[in-house]
1. Which residue is surrounded by the most Cβ atoms within 10 Å (Cβ to Cβ), if the candidates are limited to region 196-216 and must be farther than 14 Å from VAL262 by Cα and not aliphatic (A, V, I, L, M)?
2. What helices (runs of 4 or more DSSP H), lying completely within region 1-98, carry at least 2 residues that are under 28 Å from the mean Cα position of the chain (by Cα)?
3. For region 121-155, which residues satisfy the criterion of being out of contact with any Leu (no Cβ under 9 Å at 6 or more places or on another chain) and within 18 Å of ILE85 (Cα to Cα)?
4. From LEU128, LEU81, LEU94, grab the single residue that is in contact with a Cys (Cβ under 9 Å, 6 or more places away or on another chain), within 23 Å of ALA154 (Cα to Cα) and surrounded by 13 or more Cβ atoms within 10 Å (Cβ to Cβ).
5. Of all residues in region 1-50 being more than 30 Å from GLU62 (Cα to Cα) and of a type in the set (Phe, Trp, Tyr), which is surrounded by the fewest Cβ atoms within 10 Å (Cβ to Cβ)?
6. Could you grab me the full set of residues in region 142-170 that are over 21 Å from the mean Cα position of the chain (by Cα) and either at pLDDT 90 or above or buried (at least 19 other Cβ atoms within 10 Å of the Cβ) (or both)?
7. Mind listing whichever residues of region 158-169 are under 17 Å from ILE189 (Cβ atoms) and not aromatic (Phe, Trp, Tyr)?
8. Taking region 119-157 only, how many residues are without any contact (Cβ under 8 Å) to a residue 40 or more places away in the chain and among the hydroxyl-bearing types (Ser, Thr, Tyr)?
Amino acid sequence: MFPKPIEKSSQGVQVAYKAMLPFALFLWLMPLIAILIFSVKPGVDFTTGNYWGVPSTFSFFENYGKVFFESDMPRYMINSLMITIPTVIGCMILSAMTGFALGIYRFRSNLWIFFMFVAGNFVPFQILMVPVRELTLDMGLYNTISGLVLFHVAFQTGFCTLFMRNFIRALPFELIEAARVEGVAEWRIFWYVVLPLMRPALAAMAVLIFTFIWNDYFWAIVLTQGVETQPVTAGITSFNAQYRAAYHLMSAGSIVAALPPVAMFFLMQKHFIAGLTLGAVK
């Protein structure tokens, strides 16, 4: 049923496996390497067709200086933070409460409500584009940061509820029963007993949702337009001129835009790994 561990394979298979790892790693990193090379090339290299060759001049400071000081990239970054941080907080609050209710309480239709949360994750976003856009126009939320935050929270809460409900179900139910025997109110059980135990899961979920929302491009171009509201993923395309694409500036902007999720992961790495692996060997 399960794949055979590589340690139990023949010596030839193990050697081939180890030899292929650097090649697979290079293929995986090749797009990132290309973007890094493009970000330090001058614009003239692209007009002369020098896409993959050695940069004619090292234009690191020139390209990144234009990104930071001669474009709207700082504003796009601020917009992304204003969209991503409230979304992460909202998803964590809602999913912690819904996960607690669906994971602890036994009531009729519990499983059906849980299935509704999960089923929303399987609906393709593309078929929701037109009705969601019309809804934002009717509600006055089109081209607003608050509108994008609300819809991100609505779309991500299903996945977060699945994540938190399964985590809470793995907690010892005896802790809940002991608190109830002592006469502790249900909201105090959630706040003082369950929520502290959910910290690793909340940290892991925060990293995932932060990455999802920060890298979102689809809803960014559907629900927003202009410098005032667009996040950085949509703002990178502003480096394109009318008749020419500024690949060197787009690459530099992509590197800058990728830094916050990477920093978020390294800052929360310990809690992220603990949250994903907690209960794996129960």
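1. ASP216
2. 11-39, 60-69
3. ILE145, SER146, VAL149, HIS152, ALA154
4. Result of the check over LEU128, LEU81, LEU94: LEU94.
5. So in region 1-50, the residues more than 30 Å from GLU62 (Cα to Cα) come out as 1-25.
When the remaining residues are screened for being of a type in the set (Phe, Trp, Tyr), the result is 2, 17, 23.
Details: PHE2: 4, TYR17: 12, PHE23: 9.
Per the criteria, the residue is PHE2.
6. Of all residues in region 142-170, those over 21 Å from the mean Cα position of the chain (by Cα) come to 142-143, 168-170.
Passing the criteria: TYR142, ASN143, ILE168.
7. Taking region 158-169 as the starting set, the residues that turn out to be under 17 Å from ILE189 (Cβ atoms) are 164-165, 167-169.
Answer for region 158-169, where residues must be under 17 Å from ILE189 (Cβ atoms) and not aromatic (Phe, Trp, Tyr): MET164, ARG165, ILE168, ARG169.
8. 1
The values are calculated or read from the model by the stated rules, or taken from the named source; none is laboratory data. Keep in mind that what you see is a predicted model, and the values were worked out from it rather than measured. When we count neighbours, we look across all protein chains shown, and the Cβ atoms used for this are built from the backbone with ideal geometry, even at glycine.
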